[in-house]
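Shown next, in structure tokens, is the structure this report addresses.
What follows is calculated from the coordinates using simple rules that are stated; it is not laboratory data. All values derive from a computational prediction rather than experimental measurement. No Cβ is skipped: glycine too gets one built from the backbone with ideal geometry, and neighbour counts run over all protein chains shown.
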Amino acid sequence: MKKNKTACENCESRMSGVFCDLDSAELSNISEHKVTNVYKKGQNLFVQGNHPYGLYCVSRGNIKVSKVGADGKESIVRIVKGGDVIGHRSLFTDQNYTATATAMEDSTVCFLDKKFIMKAIQEMPSVAMNIIEKLSRDMGAAENKVSSFHQKNVRERLAELLLLLKESHGEETEDGHIKINIKLTREEMATMIGTANETLIRFISEFKDEGLIEQDGKFIIIKDEDELMNWADANY
Amino acid sequence: MIRYDEFMKKNQYPITSLDSELIEKIKSVAPIHRYTVSTDLFYEGQTPVVAFLLLNGHVQLVKNKKVRKVLNTGDLIGLRELIHHIPFPLSAQVLPNTDMVFLDKSTILEILDVVHDPELSDVFKEIIHEEAV
């Protein structure tokens, strides 16, 4: 009846995770303490407004972190993938979750409680440094997003989103293009750049017509990265 | 010790009911939280990330979209599943304005190591060892 859980040492996302610098004995201690679960598509890891229990480490899959406004509309704050952590901001501030984390596909996620992670941070400085690095990156991304919303139009924001997704989920195809290996609905993409579905669809069509991108089923392929960068006005 | 599947047959639901004295002891070592929004505490087949003790409000166990059991005040769920890392056979949902104590694994291990209260430690050991592998 015991459930199998992957040891941290064998985790496919180990080298990009916050525990990447730990030795075998330290990793073994974490493996022993953690709880590993598979979240099916659409299941929540945590819900906006609830109290945080600890830190979630994504081993495999994609998790969307979204906020629901007073009007009931969902906006995606960020998408996390294998090697990323979620819940760290609420954990350190001891505030309730300000967003909801939902599996976008069947995802394997490990959990460590607050007492354990705080002890790990005190005893293993590399864990603290890696969490600080992730927090800093999150802050940088949030700052960029705020400035984009103020300074860029929808077309530029869409180009920027595609480049960001290319950085996080891009895979080179046989013909040298970049496939964004994540299934996002038009609605989800629209909330990520703060526009209406119809507007997003119009600009995606324009990008396709201009040869910047193409569609492969539910995936987007980037064909002309340089032109997207010109539009995004960003240096990635 | 009995096997977990035998335990399930005998008890039907993996819930432990605690008396008011034990509830007070648990409240003194773990935080109380009010759920303001409807939430899935965990899903069928998952190991709970913490154990939950219901103080007041509404928590229901669900399987195949049907409510199979509504918890009572003092019901503790998820303790043995968390310690042995075994899946819980039902989903648990909490409704708004429910007060619960959550016990994370570190706190449970402290209780078992008699950092807090010997009686509580014995009760937890009994719950955890009600099933085996």
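By the rule of a C-alpha distance below 16 Å, with chain neighbours fewer than 8 residues away ignored, the aspartates and glutamates paired with residue B:65 are B:40, B:44. Taking a Cβ cut-off of under 10 Å around residue A:75, the surrounding Lys, Arg, Asp and Glu residues balance to a net charge of 0, with basic ones at +1 and acidic ones at -1.
Taking each residue of B:102-110 in turn, how many C-beta atoms of other protein chains fall within 10 Å of its C-beta, and what is the average?
What the average comes to for B:102-110 is 5.
Taking 26 Å as the limit for the C-alpha separation, the pairs A:119/A:145; A:67/A:114; A:166/A:208 exceed it in the case of A:119/A:145.
Can you compute the helix-only [θ] at 222 nm over chain A? Use -39500 (n - 2.57) per DSSP H run of at least 4 residues, normalise by all residues, nearest 500 deg cm²/dmol.
Helix-only estimate at 222 nm: -13000 deg cm²/dmol.
Pairs exceeding 24 Å between alpha-carbon atoms, taken from A:152/A:218; A:34/A:81; A:40/A:183: A:152/A:218. Within the straight-line cut-off of under 18 Å between alpha carbons, the lysines reachable from residue B:25 are B:105, B:125, sequence neighbours fewer than 8 places apart in one chain being disregarded.
Averaged over peptide B:85-94, the number of partner chain Cβ atoms lying within 10 Å of each residue's Cβ comes to 2. Positive end of the dipole of the protein assembly as shown (Cβ unit charges, origin at the Cα centre): among A:184, A:72, A:127, the Cα lying farthest that way belongs to A:72.
How charged is the neighbourhood of residue A:26? Take every other residue with its Cβ under 14 Å from the Cβ of residue A:26, and add Lys/Arg as +1 and Asp/Glu as -1. In short, -2. When the C-alpha to C-alpha distance is required to be over 23 Å, the pairs from A:41/B:27; A:64/B:69; A:41/B:66 that qualify are A:41/B:27; A:64/B:69. Relative protection proxy for A:53-60, B:21-28, A:94-101, from highest mean packing down: A:53-60, A:94-101, B:21-28 (other beta-carbon atoms within 10 angstrom). If you take the Cα centroid of the stretch B:68-116 and the Cα centroid of the stretch A:36-56, the two points sit 16 Å apart. For chain B, adding -39500 (n - 2.57) for each run of n ≥ 4 DSSP H residues and dividing by the number of residues yields -9000 deg cm²/dmol at 222 nm.
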